[in-house]
Structures are given as structure tokens and as C-alpha cells.
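Report on one structure; see the data block that follows.
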Amino acid sequence: MSNFAFGTYRISDLNPQHIQALKEAIEAGITLIDTSSNYMDGGAERAIALAMRLAESDIKNEVEIVSKFGYIQGSSLHEYRANLAEKKYSKDVVKYTEDCYHCISKEFMHEELTASLKRLEATSIGCYLIHNPEYYIIEAIKNNIPKDYRLDEMYRRIEDAFVGLEEEIKKGRISSYGISSNSFSLLESDDEFLPYEDLLTLAQNAATIVKNKKHSFTTIELPINMLEIDGLKCASWAKKNGLRVLANRPLNARYLNKMYRLADYTESRDYYHYFNELIEFCDKDEFRILYNLLEEMEASKHKFDWIGSYDIFLYTQIIPHIKKALEKFEADERENIINSINLFLIEYRKMVEYECSVRTRDELKEFFKEPHIPMQEAAIKFLMKCENVDYIIVGMRKPLYIHEILCLRG
């Protein structure tokens with residue numbers, strides 16, 4: 001039976017609830033935490049450090065940290081460019097394209113590992129993974145680079161990174177390494193598929209170059225869930241070769257070119273209270289922009305394909321419109337309305353989650369035939385039965401989630 005790992009994709013050191021959830025997970029017996037230098041711009045790693053400070057030594061010593069390096073997004077990209085401009089990185093550190101900001105050179109890896117160790121307040125990491133190296137393949141496809149050439153270049157980059165990782169093994173800053181790739185879960189016929197059968201050869205080549213007797217490539221991570229099962233072939237190969245398999249995205253699944261959240265949600269009890277309160281307040285000529293936005297949101301809450309679509313829409317459309325509307329408010333009035341808007345948005349998201357879950361259960365009824373079993377429970381139990389999956393990485397941002405997940409172990 002698979003074990004559970006704590007996934008920190010949306011964990012922040014600025015949220016006390018996240019740190020408490022990490023602490024409770026460690027105390028409850030979670031022995032693997034999955035993170036990345038890229039999650040919340042390093043905030044996830046800082047949160048782990050804060051939680052570890054609170055844990056008893058004999059417990060936290062049993063916890064393995066798995067972190068990743070490999071591509072840069074958002075404010076991390078701006079920080080990276082600033083460091084590059086100030087010559088904090090050597091000239092040959094980065095091999096990346098402007099579109100994907102992807103870096104897997106060994107020089108860049110050494111820099112990222114140093115930063116991760118600092119954020120984690122640690123001297124070593126249990127396992128360090130190359131994060132989505134297929135971003136290079138995706139960019140090469142966009143630029144019409146022939147398949148044989150792009151794969152040769154992909155292997156060259158991976159082996160170069162493996163050499164750096166084997167050097168870190170020698171230094172004792174990591175205990176093992178591997179690759180986390182979404183492309184492991186694709187069909188071999190897919191252009192973005194990352195062939196994995198030669199990875200062990202590349203790892204042994206790297207170990208030989210560094211003069212390590214045996215390579216320390218131990219782990220692969222990939223999306224596997226009850227709708228996306230192609231990755232089980234890669235998992236089978238990994239287990240036959242003595243590798244550990246971490247399954248991520250157990251509840252976020254792509255099926256027939258659509259994304260689904262495999263979880264049931266309840267309808268918000270307080271949504272209409274906050275909506276009516278806001279709409280009444282904004283029913284004035286000077287607040288007409290905000291009034292119209294609220295009415296549009298009310299009419300559209302059932303139209304999102306999945307909750308991820310809403311989250312994107314929130315930050316790209318809703319929040320900019322709200323900011324523009326708030327420019328008309330006086331400072332003291334603005335503070336009150338912001339508090340009301342925040343409460344409304346919390347309940348609005350619950351309504352979107354509910355609407356999406358109703359649609360998901362209807363569209364995927366062939367997978368969820370027992371209405372009394374929550375979709376998330378069915379999805380997790382499916383993975384628990386997959387003999388080639390060692391760990392299921394689950395986001396547990398609230399203490400309640402930890403106890404719900406661990407109860408499934410029986």
C-alpha cells in the first residue's frame with residue numbers, strides 16, 4: 001500500500017495555518033515532504049523550516065525532504081535576472097529560453113541547492129529532483145527543432161545535471177536525486193513525451209565522470225490519477241529498476257482535453273448573505289462598475305470548467321477590475337469595502353468549487369458510480385491500490401485535510 005507525502009505546491013511561510021498543518025503532519029507520522037525552490041517563490045521551503053523548528057528532534061529526523069530545481073517563474077524570474085545582471089551567477093550558469101525560463105545546467109543546480117538549503121535551514125536534502133526538464137522539449141517543438149536533435153540535446157542537459165548532482169552526493173549536500181516530469185505520464189507517441197529508459201545509463205555515466213562507484217539516481221515523480229493512467233507504465237519500469245515512484249496530482253486530472261478536480265464540495269451557506277450585503281452597498285451611481293462586476297460574477301459562478309480556471313480568472317480579470325473600482329472610494333470607506341469583498345470572494349470560491357464538483361460528478365459518472373463515496377476518497381483509494389506507487393503526494397494545507405487523508409490508511 002502506498003504511503004502519503006505532504007505536497008507543498010501552495011504552501012507559504014506567511015500563512016500560520018500552513019505551518020501548523022506541516023507540524024501536525026510530521027507529528028502524525030508523515031515521513032516525506034515534497035517541495036521545490038519554485039513553490040511560492042521559496043516560501044514553501046521556508047514554511048518547512050518553520051515547522052521543523054516546532055517538531056521534536058526524534059520525529060523530524062525521520063522526515064525526508066524532497067526538493068526540486070529546474071525552471072523559474074514569476075518574481076523568482078525577476079530575482080534571477082537581477083542576480084544575473086549583478087554577476088552573482090557565472091556566465092555559463094544558465095541555459096534557458098526566454099519563453100520557458102528553464103534551467104538544468106549543473107552550475108545553476110549548485111546555486112539553487114545552496115539557496116534551498118538556506119531556506120530549509122538544513123545542511124543536506126534527502127532527495128533533489130530535476131523539475132520538469134521537458135520544458136526544453138516543449139520550447140524546441142515550438143522552434144521546429146527536429147525530434148532526434150532535441151532529444152539528443154535533452155539527454156546532454158540531463159547528463160550534465162546528473163554530473164552536478166553526483167558532485168553534490170560526494171559533498172554530502174544531498175543523499176539521492178531524480179527527475180520530476182509531467183511528460184513521464186504521456187503516451188510514447190506524444191511529441192512532448194520524455195523517454196526514460198536511458199536515464200539510468202546517463203546516471204551511471206555521470207557517476208563514472210565524478211568517480212562515484214554507483215549512481216544515486218533513486219526517484220521519479222510524475223502525475224498519476226484515476227483518469228490519467230498512462231504514467232503507470234513508467235512507474236512499472238521504475239520499480240523493475242529499483243527506483244522509487246512518487247505520484248503527484250492525485251486529484252487534479254486531465255481527461256478528454258479538460259481539467260477536473262476529483263473532489264466533492266458543499267455549497268456555501270454564507271454566499272448570498274455576503275453577496276446581497278455587497279450588492280446593496282454598491283447600488284449607487286458612483287459604484288456602478290463594482291455593482292456590474294458583482295452581478296456578472298453571480299451569473300457566471302456555474303460556468304467555470306474547473307476551479308483552476310476560476311483562480312486564473314480571479315487574478316487576471318476580477319482583481320484588476322476591483323482595484324479599478326476601488327479608486328473611487330475614500331480611504332476609510334475603501335478599507336471597509338475591501339473587508340466585505342474579501343469575505344465575499346472566499347464564499348464565491350466555495351460556490352465555484354461546488355458547481356464544478358457537481359458538473360465533474362455528472363460528466364465522470366462512469367468513474368464515480370457510488371454517489372455516497374466522495375470523489376476524493378475514490379481517487380485516493382485508487383492510487384493506494386497501485387502496487388508500483390510508493391508515495392501519493394497530497395496537498396494538505398489545513399490540519400483537517402491531514403486527518404481526512406490519514407484516516408484512509410485505516
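The values are calculated or read from the model by the stated rules, or taken from the named source; none is laboratory data. Small disclaimer: the values here were computed from a predicted structure and weren't measured. Cβ placement follows ideal geometry from the backbone for every residue including glycine, while neighbour counts extend to all protein chains displayed. Accessible surface areas use protein heavy atoms only, side chains included; no ligands, DNA or RNA. Shrake-Rupley method; radii C 1.70, N 1.55, O 1.52, S 1.80 Å.
Of note:
- Some residue of segment 184-193 being surrounded by 20 or more Cβ atoms within 10 Å (Cβ to Cβ), under 17 Å from VAL245 (Cβ atoms) and not aliphatic (A, V, I, L, M): yes
- Residues located in segment 279-289, provided they are open to solvent by 10 Å² or more (accessible area, probe 1.4 Å) and either farther than 26 Å from VAL352 by Cβ or not aromatic (Phe, Trp, Tyr) (or both): ILE279, GLU280, ASP283, LYS284, ASP285, GLU286, ARG288, ILE289
- Hits in segment 18-36 (condition: surrounded by 22 or more Cβ atoms within 10 Å (Cβ to Cβ) and hydroxyl-bearing (Ser, Thr, Tyr)): THR35, SER36
- Looking at ALA115, ALA161, just one residue is of a type in the set (Gly, Ala, Ser) and in contact with a strand residue (DSSP E or B) (Cβ under 6 Å, 6 or more places away or on another chain), and that residue is ALA161.
- Hits in segment 37-49 - residues which are part of a helix (DSSP H, G or I) and either modelled with pLDDT of 95 or more or open to solvent by less than 20 Å² (accessible area, probe 1.4 Å) (or both): GLY42, GLY43, ALA44, GLU45, ARG46, ALA47, ILE48, ALA49
- Answer residue from segment 50-69, given it is open to solvent by 20 Å² or more (accessible area, probe 1.4 Å) and polar (S, T, N, Q) and is nearest to SER175 (Cα to Cα) among those: ASN61
- Selection status of LEU165, at pLDDT 95 or above, open to solvent by less than 10 Å² (accessible area, probe 1.4 Å) and farther than 30 Å from LEU14 by Cβ: yes
- Condition met for LEU383 (at negative phi and at pLDDT below 95): no
- Single unsatisfied condition, ASN276 versus (1) open to solvent by 30 Å² or more (accessible area, probe 1.4 Å); (2) outside any helix (DSSP H, G or I): (2)
- Within segment 219-273, the set of residues being open to solvent by 70 Å² or more (accessible area, probe 1.4 Å) and acidic (Asp, Glu) comprises ASP230, GLU267, ASP270.
- Matching residues in segment 25-41 - criterion: being among the aliphatic types (A, V, I, L, M) and within 13 Å of LEU246 (Cβ to Cβ): LEU32, ILE33
- Matching residues in segment 295-341 - criterion: being more than 30 Å from ASN257 (Cα to Cα) and open to solvent by less than 40 Å² (accessible area, probe 1.4 Å): ILE322, ALA325, LEU326, PHE329, ILE337, SER340, ILE341
- Any hit, segment 128-141, residues being surrounded by fewer than 18 Cβ atoms within 10 Å (Cβ to Cβ) and at pLDDT 95 or above: no
- Taken together, the residues in segment 351-389 that are among the charged types (D, E, K, R) and farther than 13 Å from ARG261 by Cα amount to 7.
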